[in-house]
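Participant: I'd like to ask some things about the structure below.
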Amino acid sequence: MDETTPQGRWSWGPTDDREPDTETGGKVSAPEAPDTAPPLGPDRDEPPTAVLPPAASPTVVRPTPPAAPPVVTATQGPRWAAVAVVAALVGAAAGGGAVLVLDDGDAGTSLPAASEAPAFGANTSRVARPQDIQGILARVQPGVVSIRTEAFQEGSGLFDAAPTPSRGAGTGMILSADGEILTNAHVVADATAVRVTMFGETAPREADVVGADADADLAVIKLRDTTGLEGRPVRFGSSDAAKVGDAVLAIGNALALPGGPTVTLGIVSAKDRSLGNQLTSLIQTDAAINSGNSGGPLVNADGEVIGVNTAVIQSTGSSAVQNIGFAIAIDAVKPLLDRLTRGEAAPPQGFLGVTTLTLTDELRERFSFVPESGALVNEVVAGTPAAAAGLEPGDIVTRLGDDAIETNADLTKAVQDHAPGDEVAMTVFRGQEERTVTVTLAARPTGG
């Protein structure tokens, strides 16, 4: 790429003092979309989902594809409705999803009075007309690719013990003219073959997995044939600068439909979402994210990538869920790119052994918790450092070592910043009592 930054050699977006784009300025000439694309194959169209028993708080486990999805458990609570959180990936190579549990036991929440309502700034997005969307696509679409994978799934049972071939489909975005492509780790997990189709082309190109981080759900693959990549790499924006309400586009290989990528329009619905204690720093959007979108870009009004589309929530049972998708914030991706492109393994990270929730004002009032903020322990896994330190469901962690803990994402990051074997002081509230315990972190279990 043509820019060097403190984070590495990647192309970030322009600075915040840039002039607004005109409708016709700065466009990239995009090739025509292909009329046909290779068929997906005979495999499953949807990733499997795990079903959660009644539980009191959201808990998500990210399985390592293509293993069968685990069953996630949590503590008791009022009425609950289960909804499936699934990777936005087509095909059996996805390896399944996990489950989020939402509380529908309360009758409703009253809105604040007008004098108490928060003040909102002007919308920073400028997507108003169809030609605006087309201008954004002209910049971004040449850098979006469809990915198809082949893998083998282990059989089960006495009569199905042999591995069976499986195929999957996802999306990626070109990082450099050297052929480096960013996608989700679950898109290419355990793949024996990876083929990439460029926008405007029909013949796929072979690619190899260079580096992957299953915990961050990110991977970099590299094309063997790098001809014609000039002008295609995407530009990164700032997910931190994005505001709730900003218009965004999701672009991807939805359902592996022939004829080119699918484009959907929505807004930033929320920021800093977490799914369990693994996927954090997520952008929530109502732009439709479908199977096959995994690894594709979430794009702002300036044609800059602000997220990597990763997961959606789907209804199960009587719970109705619509338009809730998640993208990994690009500012959380940037520090990992150099390591991924070098093919280096993720550094060893500490492991605590809890699932937690962010302590919200609603939870504080409902259960009379003392701290103003923290990570509320939802489940303690037996045989883990958390269990050895005496943590219990209902405890609230407010500090780990030198790090103040205000959200469950803070706790996840603080634990991961330590190495296995580190002894760390942890401040915990149990009821009205504040106490300090020492925990010796372990290594994360394989696939955990």
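Bear in mind these aren't lab numbers, they're just calculated from the coordinates by the rules spelled out. Here the structure is a predicted model, which is why all the values come from computation and not from measurement. So basically every Cβ, Gly included, is an ideal-geometry build from the backbone, and we count neighbours across all protein chains shown.
Participant: Cα gyration tensor of region 350-443, axes a ≥ b ≥ c as square roots of the eigenvalues: rounded (a/c below 1.5), prolate (a/b > b/c) or oblate?
Facilitator: prolate
Participant: I've got another one for you. Arrange His418, His186 by Cβ neighbour counts within 10 Å, fewest through most, would you?
Facilitator: His418, His186
Participant: Give the Cα extents of region 220-377 along the principal axes, in whole Å, largest first.
Facilitator: The principal-axis extents, from largest down, are 62, 39, 32 Å.
Participant: At 0.36 nm per residue, and after removing the present C-alpha to C-alpha distance, how many nm does the segment from Ala404 to Asp361 gain when stretched out fully?
Facilitator: So the extension gain works out to 13.7 nm.
Participant: So what's region 398-448 giving for Rg/Rh, alpha carbon basis, Kirkwood Rh from the mean inverse pair distance?
Facilitator: That ratio equals 0.99.
Participant: What is the list of residues in region 410-448 whose amide nitrogen lies under 17 Å from a point 7 angstrom out from the Cα of Ala388, following Cα to Cβ?
Facilitator: Only 415-416, 418-426, 437-446 pass the distance filter.
Participant: Once you place label points 7 Å from the Cα toward the Cβ at Glu423 and Asp240, how far apart are they in nm?
Facilitator: 3.5 nm
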